[in-house]
Amino acid sequence: MDIINLLSEQISNQIAAGEVIQRPGSVVKELLENAIDAGAKSIKVHIKDAGRTSILIKDDGSGMSSKDAALCFTRHATSKLKKVDDLYQLQTKGFRGEALASIASIAHVTLKTKHKDQQDTGTLIEMNGGTPMRNEECICEHGTSIEVKNIFFNVPARRTFLKSDNAEFTHIRNEFERICIAHFETSFILTHNGNEVYNLNAGNLRKRITDVLGKKSNENLVPIEEKTDIVTISGFIGKPESAKKSRGMQYFFVNNRFFKHSYFHHAVSKAFEQLIPEKSHPSYFIFFKIDTAKIDVNIHPTKTEINFEEGKFIYTILLSSIKQALGKYNISPSLDFDMETSFDVPLSHKNEPPVEPEIKIDPSYNPFSKFETKKGTSSGTNKALNKQGFGQKSDTKEWENFYAIREEQKEGQTQLIESEDDYSKNKYLVKNRYLLSNVKSGILIIDTHRAKQRMLYDEMMSTFVTKPLSAQKLMFPLQIELDQNEIDSWVESKTLLSQLGFHFTIETEGLKIESLPSCVAEKDSNICVQNITNSLSGTEQPERGELAHALISNLVYVVSNNFHVKSDHEIESFINQLFTCEDHSFCPFGKPIMQTLTIEELTTKF
Ligand code: ADP
Ligand code: MG
């Protein structure tokens with residue numbers, strides 16, 4: 001009647017091996033991790049037939065005593081964990097004490113090891129499918145060497161499941177690269193069938209990455225660095241132009257352990273949004289240092305997925321540190337560029353106080369004009385705006401097209417307003433929009449329009465998160481006709497809209513707008529309300545932050561249309577103000593604010 005048996009250790013090890021050891025690459029990963037945990041400074045990996053025939057890993061780490069050597073193949077034998085609390089203080093790669101037992105249960109394993117304090121001889125142990133075959137003294141160097149032969153010899157189904165040598169070796173190489181990038185202070189050798197694949201000397205991270213990826217990659221690496229109480233982020237990202245069609249060089253490490261994290265990956269992709277073509281992938285080598293108690297590495301047997309207690313915070317920090325790094329790279333010449341000389345501001349203006357950028361008023365504005373909306377349709381602007389939201393793909397084409405006409409009109413207008421004389425005096429301003437400046441590597445071009453958008457956005461956002469934006473009561477409230485859906489969408493977001501300065505009441509066939517954000521010029525009231533309506537009714541239950549971003553971006557676009565830099569001294573204060581924005585390289589719509597025309601690029605034009 002009784003049918004329950006306890007499985008033998010050998011069978012349970014084989015079952016565990018099914019989880020931990022899926023292929024030769026998994027053996028390489030586990031053995032490399034053990035060597036790192038043992039403090040090795042030099043690790044050699046020799047592979048035969050993509051690991052089917054043999055995997056030999058030699059290290060110069062601590063080595064094992066003969067007692068430990070005998071014990072290390074037993075399941076749950078580990079030197080890295082003694083009490084439950086240790087689980088939250090882990091500094092090592094391994095801790096389950098499962099790898100060697102699993103490997104030994106599905107292969108022929110020979111271990112030679114000599115503890116660093118041991119003189120004379122070391123220990124040799126041979127295991128065959130989990131059964132000890134030899135345990136004797138041997139002559140060997142300090143450290144450990146483990147050879148794993150005939151993987152899955154006793155699990156034929158697994159052996160036949162292995163892919164081609166090429167595919168299996170790629171797995172080995174991937175595992176090898178993940179570890180050797182994280183441990184650049186250790187030297188590594190990898191050979192396959194006697195051919196050297198990698199011979200990596202100890203060095204720094206940049207050197208290790210370029211040794212692995214090739215010398216040319218050096219110039220494409222942009223450092224990132226961010227220190228907060230919760231996490232320290234460091235490492236490199238690839239320049240946008242080095243993005244590849246295939247994924248690949250994407251590495252996250254937490255406390256030097258490689259891991260995968262789709263949420264953090266999203267942060268990186270978002271930072272690169274609009275800087276790289278669709279379907280191409282940026283490379284990154286990003287290291288997180290975090291208190292071990294704040295992560296859970298225990299959720300996956302191969303430990304490549306990790307839970308973070310403060311994932312959301314880290315996401316934000318990661319996104320901003322990459323944007324900042326990309327920004328710095330984008331304006332890298334400005335690092336060696338001295339504003340005083342490069343802008344060459346006429347001396348006469350140097351001590352004058354900065355002048356507020358001018359907001360022009362349109363005298364033709366008619367507050368009584370009725371504004372018409374296309375009922376029930378969602379315009380291009382609307383769609384485009386929705387795409388600007390957090391965490392969504394963006395496509396600014398529609399957005400920009402929408403405004404192109406307005407911009408053309410505005411430019412025409414400006415030329416009439418500005419006297420020829422004014423314009424020529426200001427020799428650094430092209431078309432009242434592009435500021436040119438000499439920098440060491442060439443010419444730095446700043447799009448003042450986008451710069452203004454960035455300033456306005458930051459200003460409005462930072463006000464908005466603490467208090468409502470200031471509103472201006474309209475002397476003549478705007479009557480706007482809207483369909484029921486549109487009215488509903490205004491009503492649904494009433495609180496948010498009032499924080500932005502929009503106050504309104506509901507009428508039978510629309511709304512009566514009683515106040516607008518005070519930054520909106522009266523002449524822009526209609527277009528502003530129209531755009532807000534489009535954003536509101538086009539997004540399906542947007543998250544509050546996302547909607548705030550869309551609405552504020554919208555206001556920014558409308559307000560920035562009235563902006564022009566005019567005089568030299570104004571330029572100086574304008575630039576100073578721009579550089580106080582944390583993200584001064586990109587406008588709120590993700591477009592670059594500045595570009596450099598290098599001397600080389602200039603030379604090719606002549
Ligand atoms: P874990 O790494 O989870 O502790 P393993 O099965 O991988 O479990 O290893 C068991 C133990 O064997 C380790 O805790 C360590 O003490 C010892 N060991 C394994 N490999 C090495 C090595 N290369 N050098 C020194 N000790 C090792
Ligand atoms: Mg281990």
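The values are calculated or read from the model by the stated rules, or taken from the named source; none is laboratory data. Keep in mind it's a predicted model, so treat the numbers as computed, not measured. Cβ: placed from backbone, ideal geometry, glycine included. Neighbour counts: every protein chain shown.
Pull out all pairs, ordered by first then second residue, where Cβ-Cβ is under 7 Å, the residues are six or more apart or on different chains, the first lies in the stretch 28-51 and is on the phi > 0 side of the Ramachandran plot, and the second is part of a helix (DSSP H, G or I) and of a type in the set (F, W, Y).
From residues that are on the phi > 0 side of the Ramachandran plot, the pairs are A50/F169.
May I ask you to list the residues in the stretch 499-522 that are modelled with pLDDT of 90 or more, in contact with a Phe, Trp or Tyr (Cβ under 9 Å, 6 or more places away or on another chain) and of a type in the set (G, A, S)?
Once the filter is applied, which keeps residues that are modelled with pLDDT of 90 or more, in contact with a Phe, Trp or Tyr (Cβ under 9 Å, 6 or more places away or on another chain) and of a type in the set (G, A, S), the stretch 499-522 yields only S515.
I'd like to check something: does the stretch 503-513 contain any residue that is small (G, A, S), part of a strand (DSSP E or B) and over 28 Å from Q453 (Cα atoms)?
Yes, the stretch 503-513 has at least one match.
Inside the stretch 120-201, counting only strands (runs of 3 or more DSSP E) that do not spill past its ends, which hold 1 or more residues that are hydroxyl-bearing (S, T, Y) and free of Cβ contacts under 8 Å to residues at least 24 places away in the same chain?
Ranges flagged: 195-200.
How do the helices (runs of 4 or more DSSP H) wholly within the stretch 1-71 filter down when requiring 1 or more residues that are hydrophobic (A, V, I, L, M, F, W, C) and away from ligand 2 (no atom under 16 Å from the Cβ): which remain?
Hits in the stretch 1-71: 9-20, 66-71.
Which one is farthest from ligand 1 (Cβ to nearest atom), of the residues in the stretch 25-72 that are of a type in the set (G, A, S) and in contact with a helix residue (DSSP H, G or I) (Cβ under 7 Å, 6 or more places away or on another chain)?
A50
Can you pull out the residues in the stretch 35-68 that are more than 37 Å from the chain's Cα centre (by Cα) and surrounded by 22 or more Cβ atoms within 10 Å (Cβ to Cβ)?
Correct list: G63, M64.
Starting from residues that are assigned to a helix (DSSP H, G or I) and more than 12 Å from ligand 1 (Cβ to nearest atom), keep the ones in the stretch 88-115 and report whichever is modelled with the highest pLDDT.
In this case the residue turns out to be Q89.
Among the residues of the stretch 462-487 satisfying the criterion of being free of Cβ contacts under 8 Å to residues at least 40 places away in the same chain and part of a helix (DSSP H, G or I), which is nearest to P588 (Cα to Cα)?
Per the criteria, the residue is S462.
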